[in-house]
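Participant: Take this structure, written in C-alpha cells, and hold onto it; I'll ask about it next.
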Amino acid sequence: MTTDYRTDALIQVKHLGKRFGDLEVLKDINVDIRKGDVVCVIGPSGSGKSTFLRCLNRLEEPTGGNILFEGVDITAPKTDIDKHRQKMGMVFQQFNLFPHMTIMKNLIIAPMKLQGRPQKEAEEEAMRLLERVGLADRAGAYPSQLSGGQKQRIAIVRALCMKPDVMLFDEPTSALDPEMVGEVLNVMRDLARERMTMVVVTHEMGFAREVANRVMFMDDGYFLEENAPEEFFAHPRNERLKNFLSKVL
Amino acid sequence: MSDKFRADFYQNFIEDDRWKYMVNGLGNTIKITFFAVLLGIVLGFLVALIRSTYEKTRKLWFLDMLCRVYLTVIRGTPVLIQLMIIYFVVFGSMRIDKVLVSVLAFGINSGAYVAEIFRSGIMSIDNGQFEAGRSLGFNYRQTMFYIVTPQAFKNVLPALGNEFIVLLKETSVAGYIAIQELTKGADIIRSRTYNAYMPLLAAGAIYLVMVMIFTHFVQKLERRLRNSDH
C-alpha cells in the first residue's frame with residue numbers, strides 16, 4: 001500500500017509520557033495517526049509498545065502529554081472518555097470475550113446498551129459481520145466452545161459492531177497457535193483494505209511489511225524509527241532497529 | 001418398642017396440640033432466615049462493591065474504611081452476642097417485634113460473610129474482562145453490572161449456598177431472646193413432656209430436610225448457570 005495521506009490527523013499524540021512509579025515506560029512520544037493509516041508498532045518486549053497503545057484509549061492513564069482524538073483532547077480531566085472509547089475499537093492479546101454470554105450477546109450488548117440500537121438491528125449488523133469473518137454459524141455458541149482463532153475473529157467483530165473510527169490491536173496473534181494466526185491476519189487484512197484506520201502492536205513482521213503503510217520501531221520508551229514498510233525493512237537506519245530485525249527476521 | 005414410640009409420639013406432638021410449637025417455630029425459623037438472607041445479600045453486595053471499587057480504583061476510601069470496621073466487628077464477635085446486643089441494648093428501651101430484631105441481627109451478621117464471598121468473586125474475574133468492557137465504552141458501573149458481577153456470582157454460588165445453610169442453622173440461637181423458632185419449639189415440648197429425644201430428633205430432622213431441599217435448588221441453579229462452560 002502506498003502513502004495516501006490526508007492532512008487531517010485522527011489521533012495526535014503530543015509528548016506522551018507514562019511512568020509506573022520509578023519506571024518510565026514512555027518518555028516523549030509524538031505521532032500523528034491519519035485517517036486510513038495502518039500503523040504497525042514493533043519492538044522488543046518491554047519496550048513500551050503495548051503501553052503506548054493502551055494509552056491511546058486511556059486504559060492506561062498517561063502521566064504526561066496530550067492525546068487528541070478527532071480534534072478533542074481526551075487526556076483533559078473533564079473528558080468523557082467512555083464516549084470516545086465507543087469510537088476506538090480494541091482487540092486484546094487474550095481475546096477477553098465475555099464467557100457468560102453467547103457470541104451474539106457478546107456482539108450486541110454494547111451497541112444496544114450504549115448506542116441504543118434496537119435488538120433486531122444490532123443482531124442483523126452482527127450477523128452481517130459474522131458472515132464476513134466466516135463465523136455466522138457460531139452465533140449461538142459460547143466463547144468456551146470456540147478455538148483461539150475463532151475467538152479473536154469474534155473479538156474483532158465485537159469491536160467493529162460499535163462502528164469505530166479506529167481499531168487498536170494489542171498483539172492480536174501472540175496468544176494463538178501458529179495454524180490460527182493466518183485466519184486472524186486475513187480478517188485484519190480485509191479491514192485494512194476497506195481503509196479502516198488501524199494501530200497494530202505486533203510481532204508479525206510479514207503482516208507489517210505487507211499490510212501497513214507505516215511501520216514504527218519502539219525501544220526504551222521512544223519511537224526510534226518510522227518509515228514505509230519497504231524502506232523500513234530493507235534499509236533500517238537505527239542501530240538498535242538493525243539489531244532487532246537481525247534477530248526476528 | 002413400637003408401642004412405646006407411638007405413646008411418646010402422641011405425648012410429644014398430639015397431646016395438647018404440641019405439634020403447634022414445632023409448626024409455629026418452623027414458621028419463625030423460615031421467616032427469619034428468608035428475610036435475613038435477603039438483607040445479607042443486599043448488604044454484602046454493597047459492601048463488596050465498595051471494597052472492590054476501592055481496591056481497583058482507590059476511590060471511596062472512606063466508605064471502604066467503614067466497611068472494614070463492619071467486617072472486623074461482625075466477623076470478630078459471636079452472632080449470639082450481636083443478637084442480644086441488638087435486642088437488649090440497641091432496642092432495649094423499645095417494644096419491637098422480636099422477629100424483626102432477629103432478621104436485622106442475622107442479616108447484618110450474614111452480610112459480612114456474603115460481602116467477603118462476593119468480593120473474592122469479583123476479584124477473581126480476570127482484569128481483561130473489565131478492560132474489554134471499558135474499551136467498548138461501558139463506564140465503571142455498567143462494566144461491573146453487565147460483565148463482572150454476573151460472572152462473579154456464578155463463581156461464588158457454592159460458597160453463597162454454604163453461607164445460607166449456616167445462616168438457617170444459626171437462627172436456632174434466636175431462642176435466647178425468647179423467640180419461638182424451631183429449636184425453641186422443640187425445647188418447650190421437651191420441658192413439658194420430659195422427653196428429650198422425640199422433639200429434638202424431630203427438630204434436627206426438619207433442619208436436615210430443609211438444608212437438603214435448599215442444596216438441591218442451589219445445585220440446580222449451578223447447573224443452569226454452568227451451561228456456558230462446555
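Participant: Counting just the Cα atoms, what span does chain A cover along each of its three principal axes? Round to the nearest Å and put the largest first.
Facilitator: Rounded to whole Å, the extents work out to 53, 45, 37 Å.
Participant: On alpha-carbon atoms, Rg over Rh for segment A:201-244 using Kirkwood Rh? Present the calculation step by step, with values, prior to reporting the outcome.
Facilitator: Numbers: Rg = 9.7 Å, Rh = 10.6 Å.
Using Cα coordinates only, the ratio equals 0.92.
Participant: Let me ask something additional. Hey, in the GNM for chain A with a 10 angstrom Cα cutoff, which one of A:165, A:28, A:37 fluctuates hardest?
Facilitator: Largest GNM mean-square fluctuation: A:28.
Participant: I would also like to ask the following. From the phi angles alone, apply the Karplus equation (6.51, -1.76, 1.60; θ = phi - 60°) to segment A:134-141 and give each ³J(HN,Hα) in whole Hz, x where the residue is Gly or Pro.
Facilitator: So the J values, rounded to whole Hz, are x, 10, 4, 6, 9, 4, x, 7.
Participant: Treating only the Cβ atoms of Lys and Arg (+1) and Asp and Glu (-1) as charged, compute the dipole magnitude of segment B:37-81 about its Cα centre; round to the nearest 20 debye.
Facilitator: 140 debye
Participant: Then there is this: Stretch residue A:63-residue A:242 to full length: gain in nm at 0.36 nm per residue minus the Cα-Cα span? Intermediate results must be reported in sequence, preceding the final value.
Facilitator: Details: separation 179, 0.36 × 179 = 64.44 nm, distance 3.04 nm.
Full-extension gain reported as 61.4 nm.
Participant: On to the next question. Would you please give the FRET efficiency between residue A:189 and residue B:57, computed as 1/(1 + (r/R0)^6) with r the Cβ-Cβ distance and R0 = 30 Å, to the nearest 0.05? Let's see the in-between values first.
Facilitator: Working: r = 38 Å, r/R0 = 1.27.
Once rounded, the FRET efficiency stands at 0.20.
Participant: Suppose every Lys and Arg Cβ carries +1 and every Asp and Glu Cβ carries -1, with no other charges. What dipole size does the protein assembly as shown come out with about its Cα centre, to the nearest 20 debye?
Facilitator: With Lys and Arg at +1 and Asp and Glu at -1, about 1240 debye.
Participant: Let me ask you something else. Run the numbers on segment B:1-148 and let me know its relative contact order in percent, using alpha-carbon pairs under 8 Å that are six or more apart.
Facilitator: Working: 119 pairs, mean separation 47.0, N = 148.
The value is 32 percent.
Participant: What's the extension gain from residue B:97 to residue B:209 if we count 0.36 nm per residue and subtract their Cα-Cα distance?
Facilitator: 37.5 nm
Participant: Just report the Cα centroid separation between segment A:73-118 and segment A:133-149, whole Å.
Facilitator: 19 Å
Participant: Further, regarding this structure: If you wrap a convex hull around the Cα atoms of the protein assembly as shown, how much volume per residue is inside, in Å³?
Facilitator: Numbers: hull volume 97.7 nm³, N = 479.
Enclosed volume per residue, from the Cα hull, is 204 Å³.
Participant: List for segment A:113-147: residues with 20 Å² or greater reduction in accessible area, all protein chains versus chain alone, probe 1.4 Å?
Facilitator: Buried-area filter returns A:113, A:114, A:142, A:144, A:145.
Participant: Just the Cα atoms of segment B:2-229: what Rg and Dmax do they give in Å?
Facilitator: 21.5, 74
Participant: Another question, if that's okay. Exceeding 31 Å between C-alpha atoms, which entries from my cross-link table qualify? They are B:20/B:98; A:83/A:242; A:78/A:163; A:27/B:56; A:35/A:242.
Facilitator: Numbers: B:20/B:98 19 Å; A:83/A:242 41 Å; A:78/A:163 24 Å; A:27/B:56 26 Å; A:35/A:242 29 Å.
Distance filter (> 31 Å) returns A:83/A:242.
Participant: Next question. With the alpha-carbon atoms as the only input, what is the per residue convex hull volume for segment B:20-143 in Å³?
Facilitator: 133 Å³
Participant: If each DSSP helix of 4+ residues adds -39,500 (n - 2.57) and the sum is divided by the residues in chain A, what number results at 222 nm, nearest 500 deg cm²/dmol?
Facilitator: For chain A, the value works out to -11000 deg cm²/dmol.
Participant: Calculate, for residue B:34 and residue A:179, the FRET efficiency according to 1/(1 + (r/R0)^6) with r their C-beta to C-beta distance and R0 56 Å; round to the nearest 0.05.
Facilitator: The value I calculate is 0.55.
Participant: Pull up the cross-link candidates among the aspartates and glutamates for residue A:113, meaning alpha carbon to alpha carbon under 20 Å and not fewer than 8 places away within one chain.
Facilitator: A:80, A:82, A:121, A:123, A:124, A:125, A:165, B:131
Participant: In segment A:19-63, whose amide N lies under 17 Å from the spot 7 Å out along Cα-to-Cβ of residue B:140? List them in ranges.
Facilitator: Under 17 Å, as judged by backbone N against the label point of residue B:140, lie A:58-62 of segment A:19-63.
Participant: Something else: Regarding segment B:65-105, what's the average projected area of the Cα-atom convex hull, expressed in nm²?
Facilitator: Across all orientations, segment B:65-105 yields a mean hull projection of 3.1 nm².
Participant: Per residue, how much accessible area does the protein assembly as shown show when a 1.4 Å probe rolls over the protein heavy atoms, in square angstrom? Could you put the intermediate results ahead of the total?
Facilitator: Numbers: 22880 Å² over 479 residues.
That works out to 48 Å² per residue.
Participant: Assuming R0 = 30 Å, what is the FRET efficiency of residue B:84 and residue B:46, from their Cβ-Cβ distance, to the nearest 0.05?
Facilitator: Step by step, r from the Cβ atoms, then E = 0.70.
Participant: Also, I was wondering about something else. On the protein heavy atoms, probe 1.4 angstrom, tell me the percent of accessible surface of chain A carried by carbon and sulfur.
Facilitator: Details: 4880 of 10570 Å².
Whole-percent figure for carbon plus sulfur exposure: 46.
Participant: Something else: Out of B:108, B:32, B:202, whose Cα points farthest toward the positive end of the dipole of segment B:2-229 (charges: +1 Lys, Arg; -1 Asp, Glu; placed on Cβ)?
Facilitator: The listed residue farthest towards the positive side: B:108.
Participant: Suppose every K and R has +1 on its Cβ and every D and E has -1 on its Cβ; what is the size of the dipole of segment B:2-229 about the Cα centre, in Debye to the nearest 20?
Facilitator: 400 debye
Participant: Further question: Taking both sides together, what accessible area is buried at the A/B interface, probe 1.4 Å, expressed in Å² and rounded to the nearest 100?
Facilitator: Looking at A and B, the buried total is near 2000 Å².
Participant: Highest GNM mean-square fluctuation, chain A, Cα pairs closer than 10 Å: which of A:182, A:206, A:36?
Facilitator: For chain A, modelled as a Gaussian network with Cα springs under 10 Å, the answer is A:206.
Participant: Same structure, new question: Check cross-link reach from residue B:31 to the aspartates and glutamates: straight Cα distance under 16 Å, and skip same-chain residues fewer than eight apart.
Facilitator: B:97, B:170, B:181
Participant: Mind telling me which of A:77, A:172, A:229 comes out most flexible in a GNM of chain A, alpha-carbon contacts under 10 Å?
Facilitator: Top of the fluctuation ranking is A:77.
Participant: Short version: ³J(HN,Hα) in whole Hz for each residue of segment B:25-31, in order, from phi by Karplus 6.51 cos²θ - 1.76 cosθ + 1.60 (θ = phi - 60°), x for Gly and Pro, what are they?
Facilitator: x, 4, x, 5, 4, 5, 4
The values are calculated or read from the model by the stated rules, or taken from the named source; none is laboratory data. Since we're looking at a predicted model, the values are computed, not measured. Cβ atoms come from the backbone with ideal geometry, glycine included; neighbour counts cover every protein chain shown. Surface accessibility is based on the protein's heavy atoms, side chains included, excluding ligands, DNA and RNA. Shrake-Rupley method; radii C 1.70, N 1.55, O 1.52, S 1.80 Å.
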